[in-house]
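Chemist: Could you have a look at this structure, given as structure tokens, before my questions?
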Amino acid sequence: MSAQMTVLSGGPALAADLHIPAGARGIVVFAHGSGSSRRSPRNIEVARTLHYAGLGTLLFDLLTDAEERRDAVDASLRFDIGFLTERLTAVVDEVKTRPDTAALPIGLFGASTGAAAALGTAAARPEAIASVVSRGGRPDLAPDLAGVEAPTLLLVGSRDTQVIEMNRSAAAQLGGPHELYIVEGATHLFEEPGTLDVVAERAAAWFIRTMPVRAH
């Protein structure tokens with residue numbers, strides 16, 4: 001099933017793309033990075049790999065059109081991790097109540113500042129979040145790393161040296177099981193040939209390994 005839809009329709013309506021393959025074993029909610037959207041080509045490519053692995057995906061815009069325009073001027077929202085976390089948490093709460101997704105274990109895939117929001121949501125909803133993957137993320141900005149119980153995979157490019165150190169420091173504070181994997185030859189955006197393939201494959205394997213088996 002694939003659908004263009006709106007999440008949080010009762011509040012700040014956000015455009016979203018939902019895809020659930022037949023017999024899906026879980027759903028991964030994406031949190032894009034600063035200045036990006038649900039149409040991030042890198043996240044779309046990762047989502048395709050997750051579909052092949054039998055996982056559903058929900059890609060949505062973290063900001064409304066008005067918020068995007070404001071943020072483009074003053075960058076006031078892209079680093080407001082508390083705000084982004086609340087927004088992502090509200091979407092997760094909706095996923096847990098939708099008839100077509102309520103039964104699916106939930107994973108989170110966050111990029112850049114979206115990774116901090118994903119970890120914030122994992123800490124806020126430990127009973128709901130089964131697994132987290134961060135791509136080139138800023139977990140150091142997350143509000144409660146010790147409260148993250150979900151297994152967490154941190155993926156960082158080998159040439160993204162400053163972010164590697166931020167991830168190492170954050171990993172030491174995570175409350176649950178975690179792994180830091182360095183993608184050889186990659187810079188922050190994983191634009192080098194083959195590096196995003198590694199991200200997608202590692203993410204799919206992590207979600208499959210750490211998500212509970214769904215009872216059909």
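The values are calculated or read from the model by the stated rules, or taken from the named source; none is laboratory data. Remember, predicted model here, so these are calculated numbers, not experimental data. With ideal geometry, Cβ positions are generated from the backbone for all residues, glycine too; neighbour counts draw on all protein chains shown. Remember, those area values only see protein heavy atoms, side chains included, never the ligands or the DNA or RNA. Shrake-Rupley method; radii C 1.70, N 1.55, O 1.52, S 1.80 Å.
Chemist: Restricting to the range 171-197, and then to whatever is assigned to a loop (DSSP other than H, G, I, E, B), among the small types (Gly, Ala, Ser) and closer than 21 Å to ALA124 by Cα, can you tell me which residue is least open to solvent (accessible area, probe 1.4 Å)?
Modeler: Among residues in the range 171-197 that are assigned to a loop (DSSP other than H, G, I, E, B), among the small types (Gly, Ala, Ser) and closer than 21 Å to ALA124 by Cα, the one least open to solvent (accessible area, probe 1.4 Å) is GLY176.
Chemist: Going through the range 18-46 one residue at a time, which ones are open to solvent by less than 40 Å² (accessible area, probe 1.4 Å), modelled with pLDDT of 95 or more and farther than 15 Å from VAL133 by Cα?
Modeler: LEU18, ILE20, PRO21, ALA24
Chemist: Please go through the range 72-107 and pick out each residue that is closer than 27 Å to ARG209 by Cα and among the hydroxyl-bearing types (Ser, Thr, Tyr).
Modeler: Selection gives THR85, THR89, THR97, THR101.
Chemist: Taking ARG168, is it part of a loop (DSSP other than H, G, I, E, B) and not acidic (Asp, Glu)?
Modeler: Working: part of a loop (DSSP other than H, G, I, E, B): no; not acidic (Asp, Glu): yes.
In short, no.
Chemist: For the range 47-142, list the helices (runs of 4 or more DSSP H) that sit wholly inside it and hold at least 1 residues that are crowded, with 24+ Cβ neighbours inside 10 Å; which are they?
Modeler: Details: elements: 65-74, 81-95, 113-124.
Passing ranges, in order: 81-95, 113-124.
Chemist: I need the full set of residues from the range 47-96 which are modelled with pLDDT of 95 or more, more than 21 Å from ALA13 (Cα to Cα) and of a type in the set (Val, Ile, Thr), in order please.
Modeler: Result: THR49, single match.
Chemist: For the range 143-169, what are the residues that are small (Gly, Ala, Ser) and crowded, with 24+ Cβ neighbours inside 10 Å?
Modeler: Let us first name the residues in the range 143-169 that are small (Gly, Ala, Ser), namely 146-147, 150, 157-158, 169.
Once the filter is applied, which keeps residues that are small (Gly, Ala, Ser) and crowded, with 24+ Cβ neighbours inside 10 Å, the range 143-169 yields ALA150, GLY157.
Chemist: Which pairs turn up if I take residues in the range 50-65 that are at positive phi and look for partners that are open to solvent by less than 10 Å² (accessible area, probe 1.4 Å) and not in a strand (DSSP E or B) with beta carbon separation below 8 Å, at least 6 apart in sequence or on another chain?
Modeler: From the range 50-65, the pairs are GLY54/ALA24.
Chemist: Restricting the first residue to the range 99-121 and requiring it to be of a type in the set (S, T, N, Q), which pairs with a second residue that is part of a helix (DSSP H, G or I) meet a Cβ separation below 7 Å and a spacing of at least six or different chains?
Modeler: Taking only residues 6 or more apart or on different chains, the pairs are THR101/VAL95; THR113/ILE81; THR113/LEU84; THR113/LEU141; THR121/THR85; THR121/LEU88; THR121/THR89; THR121/VAL92.
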